[in-house]
Each structure stands twice: as structure tokens, then as C-alpha cells.
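The values are calculated or read from the model by the stated rules, or taken from the named source; none is laboratory data. For clarity, every value in this text was computed on a predicted model and none was experimentally measured. Cβ atoms come from the backbone with ideal geometry, glycine included; neighbour counts cover every protein chain shown.
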Amino acid sequence: MDYISGIASAFKTYIGEGAIGELQDNITDKPMILIAGDQLTGKSTQAKSLAEFFKGSFHSVGSLFREAARNRGITVAEQARLLLVERGIDVEIDYKTCQVITGAEITTNLGVVEGRQPAYMGSFMVSLGKKNIIRLYLRCSIREQALRFLRREAGEKAYLAGKSQIPEKDYKNLESLNTEIENLEIEGREEIMTDFIENQSRDEDDRVRYSKLYGFDYGNLKGYDIVLDTNNKEPDEVFQEILEKLDDFGFRTN
């Protein structure tokens, strides 16, 4: 079963037989930019910047996740644990993502949606007739992700130490990078690396879960219109590249 059929089947099972028809009825011509990417590539930052630049609205799949937890009266952590056994939680959030992609509730010029799976939900919406969608993936190396994690968790000094001392090479796994970080003279490096590995593990768990549920891997770059490498680039530089790529692609906001 292809993933388009997998999504349709899941929506009918968990949302209802009329779920697909409701999405089709609500499709508008509002342009949508759907952003996914590797960990720590600045997806939210770029999505917010794009929404502001195009006078659009920003939407986060993460906020839909938090909203679902509030509606259940449980914490985000409790809901995250439930994901391992309750497939309906994922489907509910993905269906809400598709509702956003229809543009029916967007009153601005366009919508920008950021998360792990919106591009593939966008492909499903294209199959229902939605037009003017662009699917963007931001990627960076394991080394770059680790450096950005150091910056976020330990500050600029730790980031600069890592940037100058961790060799620039293609690390195939986290274990090899762990050795490099252990050699850094920064406070709490072992705890930082443990947190980084846990962060990466959650991403891998999500990819496996989506593959089993729908049949797609959101890390498969064939599902995107634009793939942008963000290694050694600051947010402003990445943003300008995104605008150039959107223009090259012929994306129009009206």
C-alpha cells in the first residue's frame, strides 16, 4: 500500500468515513509552505521568518501536539509515551495538519507549516486537489547538529569550542561524535551528549512510527520540492537562500 492510501485509510479509521470528503470540501487556493528537516536546522525560525516576510500565518505541528495533550488533560510527556501504543493520537494531529493545509481557516496571505511530517501530509492534500504547495526540507550534518545543540544547551562559548576542536568530517554515527565531544573542555559535556543522543533517538522513533502507520519516511528527500543544506550557515543566510529557491521554483503567493 502506498503512503497516500495509507493516510486515507488511517483517516477513515480513526477520524471517520467522511474525513476525506470534509478535507476536500474545505480546500482553498491559499498558498502553503510546508517545512520539515533534520534536528536543529532551525525549522521553526525559518518558518516564522517566512510567515512574517510573506505576511502569512505560522503554524506548528508541535503546537497541535501540545493542544491535543491539553484536550486530553494530560502532560506532553504523558502523551509522548502514549504515542507508542495509541496510533489515533498521531492520526488526529496529522488530520489537523491537513485541515490547516486546506487553508480554510487561514485569513492571511498564505500559511507556513513547520513540523516533521507536514510535507507528506501536503502530498496527500495534493492528491485531493490542493494546489500551490511547496515542500521544503532543511538538512545538516551530524557534526553541525551537535554544534547547534551545544550552542542551545551550553551557550556560545561551548559552540565555538566545538567548532574549533571537532574535526570537519562526515560522521556516520553519534558514537564517533561522542568521543569528540568528550574531549572538549566544557562543563556538563557528558550530560549534553546524553541529551543530544536522546533527542536523536526520539526522531528515529518517530520515523519508524510513521513508516509503520502510513508507509512513508519523512526523512526520504524524494518527498520534497526543495532540499537546502544549512551546514556552517547562520539563520539569515539560510533565509535568503530559501527565498531564492522559492523564486527559482516559481512559487507565488497570489
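Per-structure values
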| read-out | value |
| --- | --- |
| Selection within region 130-143 - surrounded by fewer than 22 Cβ atoms within 10 Å (Cβ to Cβ) and farther than 17 Å from residue 222 by Cα | 131, 132, 141, 142, 143 |
| Residue 194, sole failed condition from (1) outside any helix (DSSP H, G or I); (2) over 15 Å from the mean Cα position of the chain (by Cα) | (1) |
| Filter result (crowded, with 17+ Cβ neighbours inside 10 Å and either modelled with pLDDT under 85 or not assigned by TED's automatic domain parsing to the domain that holds residue 94 (or both)) within region 217-239 | 218, 219 |
| Candidate set from region 118-129 (those that are surrounded by fewer than 23 Cβ atoms within 10 Å (Cβ to Cβ) and either touching a residue at least 24 places away in the same chain (Cβ under 8 Å) or of a type in the set (Phe, Trp, Tyr) (or both)); member that is farthest from residue 91 (Cα to Cα) | 129 |
| For residue 212: the one exception among (1) assigned by TED's automatic domain parsing to the domain that holds residue 9; (2) assigned to a helix (DSSP H, G or I) | (1) |
| Filter result (more than 18 Å from residue 235 (Cβ to Cβ) and surrounded by 22 or more Cβ atoms within 10 Å (Cβ to Cβ)) within region 147-161 | 158 |
| Count of residues meeting criterion [more than 23 Å from residue 208 (Cα to Cα), under 15 Å from the mean Cα position of the chain (by Cα) and outside any helix (DSSP H, G or I)] in region 37-92 | 2 |
| Which listed residue is in a helix (DSSP H, G or I) and touching a Gly at 6+ places or on another chain (Cβ under 6 Å), from 138, 160, 150, 177 | 150 |
